[in-house]
1. Using a 10 Å Cβ count of at most 14 others and DSSP loop calls, identify the longest part of the chain lacking such GluC sites (Glu not before Pro).
2. Using alpha carbons only, how many degrees (0 to 90, rounded to 10) separate the axis of helix 4-13 from the longest principal axis of the chain?
3. On each of the three principal axes of the Cα atoms of the chain, give max minus min coordinate, whole Å, ordered largest first.
4. With charges set only on the Cβ (+1 for Lys and Arg, -1 for Asp and Glu), what does the dipole of the chain come to about its Cα centre, in debye to the nearest 20?
5. I'd like the per residue volume of the convex hull spanned by the Cα atoms of region 1-54, given in cubic angstrom.
6. Please give the per residue accessible area of the chain, computed with a probe of 1.4 Å over protein heavy atoms only, in Å².
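The values are calculated or read from the model by the stated rules, or taken from the named source; none is laboratory data. Being a predicted model, the structure only gives us computed values, none of them experimental. Virtual Cβ from ideal backbone geometry, glycine too; neighbours counted across all protein chains shown. Note: accessible area is taken over every heavy atom of the protein model, side chains too, but ligands, DNA and RNA are not part of it. Shrake-Rupley method; radii C 1.70, N 1.55, O 1.52, S 1.80 Å.
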Amino acid sequence: MISVELATALRDAGLVWHPQSGDRFVLTRGTFDGEVFTLSDMVVQAHEAASGAVLAFNGTTEWALDSTSADDALWLPREDQLRELLGGAFRTLIRQDERYVVRTALPGAPATEHGAADPAQAYGAALLELIRRATD
C-alpha cells in the first residue's frame, strides 16, 4: 500500500479520485488518524450528490459517522490501479536486491526508473513524476 505522504503528493499534483468499490482511503478530518477504510457495497458506499461524491458509512452507528464528503478523504490507490494509471508509459517492474524498480518511458524522452521497498510505492513515484511532467 502506498504511504499517505505519496497519496497526498499524487492528489496535490492533480490525480483525481472517482470512488469505486474496493478503493482504500483515509479520512483527512476527524478522529480516525491512520484508519484505512475500504469502499464496499456493504459497508462504505460512494454516492453522487449535488455537492459531489459522498461516502456513506452503513451500519456504523457506533462510530457516529453516517457519511462524509469525498473531499474529506484521501485515496490510497492500489498497486494495480497505479500500474493502470501509468498506461502506455509503463515498461517494466523488476526486483533489484531489496527494492522494486518501475521503469517508464514517454515517446521522445529518456526512460526513468523509480525504486522503493514496496511495488506500489515504486508505481506511485513513477506516476507522480509523469503527472508533474504533464502539468509543468
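1. 36-97
2. 80 degrees
3. Here the Cα extents, ordered largest to smallest, are 52, 34, 23 Å.
4. I would put it at about 560 debye.
5. Expressed per residue, the convex hull around the Cα atoms of region 1-54 is 104 Å³.
6. Accessible area per residue: 58 Å².
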